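Worksheet for the structure shown next.
The values are calculated or read from the model by the stated rules, or taken from the named source; none is laboratory data. Quick caveat, the model's predicted, so the values are computed rather than measured. Here the Cβ is made from the backbone with ideal geometry for all residues, glycine too, and neighbour counts use every protein chain on show. What goes into the accessible areas is simple: the full protein's heavy atoms, side chains included, and nothing from ligands, DNA or RNA. Shrake-Rupley method; radii C 1.70, N 1.55, O 1.52, S 1.80 Å.
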Amino acid sequence: MTQHPEKKLALITGASRGLGAALAETLAGTGWHIVAVGRTLGALEELDDRIQALGGSATLAALDITNDDAMRHLCRDIHDRWGALDLWAHMAIYAPPMTPADHIPLKDWEKCVAVNMRATGFLIPMVAPLLAASADRGTALFVDDPAASGRFMGAYGASKSAQMALARAWQAESTKTGPRVLIDAAPPMPTATRARFFPGEDRATLTPCTTQAARLAAQL
């Protein structure tokens, strides 16, 4: 990892595509150093190319957020090299195919629980001390999905609701002590996750990820 003590530091989990990638580019273009976490190295390298074209900088971490040891080591590396974290934007999500509640495959349910629920609960205690060490008390950013309910979305909706319950509890608990916990209700965006739920949708009618990323960045 390259040290950039003069820059604000953002950890973005789920940075390889969609809103996570758009937010990484937006922040990097305004002087943040990005620690970009995603499972696909190729997608992260493409993100890094775009960030460098903007004059920004990033550290790539091709990791699975459900790997406890890998994420624990990453947080320790951030502590050892930078000492603090100014932002954690948690964009990683697993969205299985739409399925009736009485036909959800066990593997899809288990992956929803592992990615959307358990990993979030594991990472909050890992990241909280890094945010607390920030001069600005740090910010954690979560994105709610108003579409995560209704027919055929049982596994995704249940696990996303659990993730948001964790985030809202942390938000209420940290009002006076920090970090600042932001929860944003995202508009429909042309992401791979949404495409799984609404195949054939006219993507031109959706809010571009770059537009939403700019709106989020303005709150930081």
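Filtering segment 4-57 to residues that are touching a Ser or Thr at 6+ places or on another chain (Cβ under 8 Å) and acidic (Asp, Glu) leaves only 25.
Considering 217, 148, 213, the condition of being closer than 30 Å to residue 105 by Cβ, touching a helix residue (DSSP H, G or I) at 6+ places or on another chain (Cβ under 8 Å) and in contact (Cβ under 8 Å) with a residue 12 or more places away in the chain is satisfied by 148 alone. For segment 167-201, name all the residues that are aromatic (Phe, Trp, Tyr) and closer than 22 Å to residue 117 by Cβ. Passing the criteria: 170, 197. Looking at segment 165-188, can you tell me whether even one residue there is polar (S, T, N, Q) and under 14 Å from the mean Cα position of the chain (by Cα)? No, there is no match, as no residue in segment 165-188 is polar (S, T, N, Q) and under 14 Å from the mean Cα position of the chain (by Cα).
When the helices (runs of 4 or more DSSP H) confined to segment 1-106 are screened for residues that are over 29 Å from residue 159 (Cβ atoms), β-branched (Val, Ile, Thr) and out of contact with any Phe, Trp or Tyr (no Cβ under 6 Å at 6 or more places or on another chain), those reaching at least 1 such residues are found at 41-53. For segment 44-62, a residue qualifies if it is of a type in the set (Asp, Glu) and open to solvent by 60 Å² or more (accessible area, probe 1.4 Å), and the qualifying residues are 45, 46, 49. Pairing each residue of segment 120-135 that is closer than 15 Å to residue 169 by Cα with any residue that is open to solvent by 60 Å² or more (accessible area, probe 1.4 Å) and not aromatic (Phe, Trp, Tyr), provided the two are 6+ apart or on different chains, yields C-beta distances under 6 Å for 120/166; 121/166. Which of the residues that make up segment 63-73 are open to solvent by less than 70 Å² (accessible area, probe 1.4 Å) and of a type in the set (S, T, N, Q)? The one that is open to solvent by less than 70 Å² (accessible area, probe 1.4 Å) and of a type in the set (S, T, N, Q): 66. The residues in segment 94-136 that are hydroxyl-bearing (Ser, Thr, Tyr) and farther than 19 Å from residue 15 by Cα can be counted, and the count is 2. I'm checking my understanding of the structure. Among residues of segment 133-164 that are of a type in the set (S, T, N, Q) and within 28 Å of residue 196 (Cβ to Cβ), which one is nearest to the chain's Cα centre (by Cα)? My answer is 163.
For residue 27, state whether it is at pLDDT 95 or above and either hydroxyl-bearing (Ser, Thr, Tyr) or open to solvent by 10 Å² or more (accessible area, probe 1.4 Å) (or both).
Against the criterion (at pLDDT 95 or above and either hydroxyl-bearing (Ser, Thr, Tyr) or open to solvent by 10 Å² or more (accessible area, probe 1.4 Å) (or both)), residue 27 does not qualify.
In a residue-by-residue description of segment 21-41, the property of being more than 22 Å from residue 195 (Cα to Cα) and without any contact (Cβ under 8 Å) to a residue 12 or more places away in the chain applies to no position.
Give the residue that is farthest from residue 119 (Cα to Cα), with candidates limited to residues of segment 30-42 that are within 15 Å of the chain's Cα centre (by Cα) and buried (at least 17 other Cβ atoms within 10 Å of the Cβ). Among them, the one singled out is 34.
If only residues of segment 74-94 that are closer than 22 Å to residue 178 by Cβ and among the aliphatic types (A, V, I, L, M) are counted, the one that is surrounded by the most Cβ atoms within 10 Å (Cβ to Cβ) is 89.
Does residue 9 satisfy the criteria of being crowded, with 19+ Cβ neighbours inside 10 Å, in contact (Cβ under 8 Å) with a residue 40 or more places away in the chain, of a type outside the set (Ser, Thr, Tyr) and within 12 Å of residue 87 (Cβ to Cβ)?
Numbers: crowded, with 19+ Cβ neighbours inside 10 Å: yes; in contact (Cβ under 8 Å) with a residue 40 or more places away in the chain: yes; of a type outside the set (Ser, Thr, Tyr): yes; within 12 Å of residue 87 (Cβ to Cβ): yes.
Criteria met by residue 9.
Every listed requirement among (1) under 18 Å from the mean Cα position of the chain (by Cα); (2) open to solvent by less than 80 Å² (accessible area, probe 1.4 Å) is met by residue 97 save one, (1).
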